[in-house]
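As structure tokens, the structure follows; a few thoughts come after it.
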Amino acid sequence: MHIIWKGQSCFNLLVSQNKGEQITITLDPYDCRTQTKISKNKSDLILSSCKTEKDNLMTGSETENSVFVLDQPGEYEIKDIYIKGVECFQEDKKEIKQNTIYKIEAEGIKVCHLGTLSNKELTPAQIEEIGSVDILLAPVGGDPVIDGITASSIVNEIEPKIVIPMYYNIPAAPQKLEGVEKFLKAIGETSPEKMEKLLIKAKDLPEENTKVIVLTP
């Protein structure tokens, strides 16, 4: 599996299947370089954690043709990829909105994407629904999402094998967010592994402690 961060809460997951076929899953379509939606022809499956356009910039054009689009809780199986959407209502300054936490199982790896989470904590029921996680994609940049300290607490509850921070301040970000340093300090990581994209197989997942990997978009 390849995991590529595109900025904010957007990732591309490249999943290898039988006969050499590769499936591209896009989480929260967004391109931080152009601050525009990602073209549908780059994805086979789109998962949108929040329906408001300001969060993922997904419009109706992405739902055309053969692209599968999921934007709500539930259990799905598409192209031999298992997906669970966990419901998470959250309050922002003006309204209560729905954020869907997605767990994707492919290539023997369980990836959990917290979306645009702003809640200070997850409920025991949500933690139970999420279950075991190999790779956690967690926002850490503060308003409008959780900050680094809150994120570190949630990471410790979920106990993933790898955590990849997202939705924090980078040069191309359109919002003023906190840097990733606050999260790294809170979780006790002084020298995280940094890379442009993560290529990993199930057999290579760490067995002890949570490893922090910082991707560059």
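Among the residues of the range 7-21, how many are of a type outside the set (Ser, Thr, Tyr), in contact with an Asp or Glu (Cβ under 9 Å, 6 or more places away or on another chain) and open to solvent by 40 Å² or more (accessible area, probe 1.4 Å)? Walk me through it before giving the result.
Applying the first criterion (of a type outside the set (Ser, Thr, Tyr)) to the range 7-21 yields 7-8, 10-15, 17-21.
Keeping just the survivors that are in contact with an Asp or Glu (Cβ under 9 Å, 6 or more places away or on another chain) gives 7-8, 10-11, 15, 17-18.
From what is left, the residues that are open to solvent by 40 Å² or more (accessible area, probe 1.4 Å) are 17-18.
The number of residues fulfilling the criteria is 2.
Can you give me the ranges of the helices (runs of 4 or more DSSP H) entirely in the range 110-217 with at least 3 residues that are more than 22 Å from Ile83 (Cα to Cα) and either open to solvent by 30 Å² or more (accessible area, probe 1.4 Å) or acidic (Asp, Glu) (or both)?
Values: elements: 124-130, 148-158, 181-187.
Qualifying helices (runs of 4 or more DSSP H): 148-158, 181-187.
Just checking, which of Phe68, Phe11 is within 30 Å of Lys176 (Cβ to Cβ), modelled with pLDDT of 85 or more, of a type in the set (A, V, I, L, M, F, W, C) and out of contact with any helix residue (DSSP H, G or I) (no Cβ under 7 Å at 6 or more places or on another chain)?
Just a single option satisfies the conditions, and that option is Phe11.
The values are calculated or read from the model by the stated rules, or taken from the named source; none is laboratory data. Because the structure is a prediction, the values reported are computed rather than measured. Neighbour counts run over all protein chains shown; Cβ positions are idealised from the backbone, glycine included. Surface areas here come from the heavy atoms of the whole protein model, side chains and all, with no ligands, DNA or RNA. Shrake-Rupley method; radii C 1.70, N 1.55, O 1.52, S 1.80 Å.
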